[in-house]
Amino acid sequence: MPAKKKRKIVIGNWKMNVVDAATAKSVMKSVKNVGAKLKNTLTVVCPPYPYISLLKASPKVKLGAQDVFYEEKGSFTGNVSVPMLASLAVDYVIVGHSERRKAGETDEVVALKTAAVLKTEELKVVVCIGETTRDAGGDYLGFLRDQIRASLSKVQKKQLEDIIVAYEPVWAIGASEPMNARDVHETTLYIKKILSDMYGQEEALKIPILYGGAVFAKNAREIVSEGEVDGILVGRESVNPPGFAELLKAVDSI
Ligand code: PGA
């Protein structure tokens with residue numbers, strides 16, 4: 001019997017690109033139509049907060065949040081807590097996206113948010129990491145190592161099953177082309193080595209590693225199959241229903 005294929009995860013991060021509730025509902029509807037037919041792929045849609053309770057998750061299309069605050073409650077104007085998200089039909093939370101880091105979020109804050117999400121049983125956390133530039137001397141490798149160690153500094157081994165790591169080289173986000181698939185593979189092997197050093201190989205190798213940055217329908221298959229990642233984190237193409245449908249089918253066919 002052929003070995004069972006490992007399930008892929010495709011996360012669509014809408015960012016602030018869906019500008020009204022009616023469009024949010026229609027994009028979600030189209031994602032659910034395709035998502036329901038996939039055999040081997042879990043889809044996660046991360047809309048802006050105001051749309052979360054307007055949208056319904058389904059068995060194969062889950063809902064995620066784009067960020068969260070680490071305090072549980074209190075006078076924190078404009079913030080949203082983990083218990084609030086857990087009380088809705090949310091299953092995933094992205095933390096440490098480079099657009100949040102650019103707005104001032106430090107590794108320390110990412111670590112606090114990651115720990116806050118892992119305190120609940122209900123939610124899984126998608127921790128984003130990635131270098132801003134690649135230098136020929138390889139300094140980015142040390143940067144990645146330090147960023148992973150710091151961002152996961154409060155995560156215990158027994159919590160690893162609720163973690164997904166998204167490798168997103170910042171220079172590829174919003175670009176026209178992704179990183180080449182061979183480099184994706186090499187870098188994710190390096191990330192696995194860092195995680196193995198932290199938690200032991202057996203546990204570390206169970207952590208899904210996604211790639212993100214300029215993935216579209218046309219390159220998703222190559223990135224996932226040749227990059228040997230467990231899935232992708234998609235920005236722009238996730239709010240383009242026809243393109244996202246093609247992307248999902250391409251990933252599911254691997
Ligand atoms: P992009 O964004 O797909 O639009 O490049 C990726 C991301 O920010 O996760």
Quiz item: Using a Gaussian network for the chain with springs between C-alpha atoms less than 10 Å apart, which of these wobbles most: 234, 170, 45?
Solution: 170
Self-check item: Value of Rg to Rh for the range 1-92 (Rh from inverse mean 1/r over Cα pairs, i.e. Kirkwood)
Solution: 1.04
Quiz item: What does the highest-first list of 247-253, 12-18, 173-179 look like by mean Cβ count within 10 Å?
Solution: 247-253, 12-18, 173-179
Exercise. Can you grab the distance from the C-alpha centre of the range 204-254 to the C-alpha centre of the range 95-131, Å, no decimals?
Key: 21 Å
Quiz item: Any idea what the dipole of the range 179-242 comes to, in debye rounded to 20, about its Cα centre with Lys/Arg Cβ at +1 and Asp/Glu Cβ at -1?
Solution: 220 debye
Quiz prompt | Vicinal HN-Hα couplings computed from phi for the range 66-82 (Karplus, 6.51 cos²θ - 1.76 cosθ + 1.60; Hz; Gly/Pro x) | solution = 7, 5, 7, 9, 8, 7, 7, 6, x, 7, 10, 3, x, 9, 10, 9, 4
Practice problem: Compute the whole-percent fraction of alpha carbon pairs in the range 87-232 spaced more than 20 Å apart. | Solution: 46 percent
Quiz item: Per the helix-only calculation at 222 nm, which mean residue ellipticity applies to the chain, given -39500 (n - 2.57) for every DSSP H run of n ≥ 4 and division by its residues, nearest 500 deg cm²/dmol?
Solution: -11500 deg cm²/dmol
Practice problem: With springs only between Cα atoms under 10 Å apart, run a GNM on the chain and tell me which of 136, 89, 111 wobbles the most. | Solution: 136
Self-check item: Over the chain: Kirkwood hydrodynamic radius from C-alpha pairwise inverse distances, Å
Solution: 18.3 Å
Quiz item: So who's got an amide H within less than 5 Å of the one on residue 9, skipping anything under 5 residues away but keeping other chains? H placed 1.01 Å off N, in plane.
Solution: 42, 231, 232
Self-check item: Violating pairs (Cα-Cα greater than 18 angstrom) within the set 8/206; 32/249; 157/193; 102/157; 5/218
Solution: 102/157; 5/218
Self-check item: Cβ-defined net charge surrounding residue 162, 14 Å radius [Lys, Arg +1; Asp, Glu -1]
Solution: +3
Quiz item: So for the range 204-254, what are the equivalent ellipsoid semi-axes in whole Å, largest first, each being the square root of 5 times an eigenvalue of the Cα gyration tensor?
Solution: 19, 11, 9
Quiz item: Which of 178, 115, 130 sits farthest toward the positive end of the charge dipole of the range 96-182, with +1 on the Cβ of Lys and Arg and -1 on the Cβ of Asp and Glu?
Solution: 115
Practice problem: Starting at the first residue of the range 51-62, write each ³J(HN,Hα) from the Karplus equation 6.51 cos²θ - 1.76 cosθ + 1.60 with θ = phi - 60°, in whole Hz, x for Gly and Pro. | Solution: 8, 4, 6, 7, 9, 10, 6, 9, x, 10, 10, 9
Quiz item: If you keep only loop residues by DSSP, which GluC sites (Glu not before Pro) in the range 103-134 have at most 13 other Cβ atoms within 10 Å of their Cβ?
Solution: 121
Quiz item: Dipole magnitude of the chain about its Cα centre, charges +1 at Lys/Arg Cβ and -1 at Asp/Glu Cβ only, in debye to the nearest 20?
Solution: 1020 debye
Quiz item: Label residue 17 and residue 121 with points 7 Å out from Cα along Cα→Cβ: what is the distance between them in nm?
Solution: 3.6 nm
Quiz item: Based on the alpha-carbon gyration tensor of the range 80-128, what equivalent-ellipsoid semi-axes (square roots of 5 times the eigenvalues) come out, in whole Å, largest first?
Solution: 20, 10, 9
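Bear in mind these aren't lab numbers, they're just calculated from the coordinates by the rules spelled out. Since the structure is predicted, the reported quantities are computational estimates derived from the model, not experimental observations. Please note: Cβ atoms are built from the backbone with ideal geometry, for glycine as well, and neighbour counts cover all protein chains shown.
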